[in-house]
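Novice: One structure is given below, represented as structure tokens, and several questions about it will come after.
Computed from the coordinates by the stated procedures, all read-outs in this text should not be read as laboratory data. Predicted model, so just to flag it, every value in this text is computed and none were measured. Heads up, the Cβs are rebuilt from the backbone with ideal geometry, glycines too, and the neighbour counts pull from every protein chain shown.
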Amino acid sequence: MAVLVGDRERDRAAQELQRHYREGRLTTDELSQRLETALRARSSPQLRSALRGLPAGWWADGAALRAALPSPARAVRNAAILAGTAVLWLFWSVGLFVAFVAWLAANGPSLGALLVFPLLWFVVSWLLWTGSRRRRSR
């Protein structure tokens, strides 16, 4: 069964092809054709076909290629973290907006409210998304 590849693997293959071009192993036309193949690759065999005939590297060893790819369980976990973070952020944003409107209705517009609420929204949103990114990278 073919393992799907992502942007990171395609970019890594493109860098390898450019290195081989700089070292004189590929002509400009070959580089162009192989880059197109590598950047359109959806699976590991397609990616390896772009690198076929070149001195072995990280892509030659199937175990190394599988190790470079994220596991399906990790991809599902990261998607769940991202979806959970999005839902949390949405509730946070709506809740803060309701509080902001209630504050304006009760106290009228003031410079403090016009600065504090957007700043609070920005800081908490930033913390939420950076924390999510950290959890997904583990």
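Novice: Note down the nm distance, to one decimal, between modelled labels 7 Å out along Cα→Cβ at VAL124 and at ARG25.
Specialist: Using points 7 Å along Cα→Cβ, the separation is 5.4 nm.
Novice: Just how far, in whole angstrom, is region 10-50 from region 103-138 if you go by their alpha carbon centroids?
Specialist: Result: 44 Å between the Cα centres.
Novice: How far is helix 7-22 tilted off the main Cα axis of the chain, in degrees rounded to 10, range 0 to 90?
Specialist: 40
Novice: Here's a follow-up. Just to confirm the number: angle between the C-alpha axis of helix 111-137 and the first principal axis of the chain, 0 to 90 degrees, nearest 10?
Specialist: The answer is roughly 30 degrees.
Novice: Continuing with this model, one more query. Stretched out fully, how many nm does the piece from VAL116 to TRP89 gain, at 0.36 nm a residue minus the Cα gap?
Specialist: Details: separation 27, 0.36 × 27 = 9.72 nm, distance 1.79 nm.
Answer, rounded to one decimal: 7.9 nm.
Novice: If you don't mind, there's one more thing I want to ask. Beyond 17 Å, what share of the Cα-Cα pairs of the chain is found? Please give it as a whole percent. Write down the numbers at each step before the final one.
Specialist: On the way: 6582 of 9453 pairs.
Percentage above 17 Å: 70.
Novice: Select from VAL101, ALA50, LEU4 the residue farthest towards the positive end of the dipole of the chain; place +1 on Cβ of Lys and Arg, -1 on Cβ of Asp and Glu, and compute about the Cα centre.
Specialist: LEU4
Novice: Just to verify a number: FRET efficiency for LEU104 and ALA79, C-beta to C-beta distance, R0 = 35 Å, to 0.05?
Specialist: Numbers: r = 37 Å, r/R0 = 1.07.
Plugging the Cβ-Cβ distance into 1/(1 + (r/R0)^6) gives 0.40.
Novice: Let me ask something else about it. So what's the angle, to the nearest 10 degrees on a 0 to 90 scale, between helix 28-40 and the longest Cα principal axis of the chain?
Specialist: The angle comes out at about 50 degrees.
Novice: Dividing the alpha-carbon radius of gyration of region 72-137 by 2.2 N^0.38 Å (N being the number of residues), what value is obtained?
Specialist: Working: Rg = 15.5 Å, N = 66, 2.2 N^0.38 = 10.8 Å.
My calculation over the Cα atoms of region 72-137 gives 1.43.
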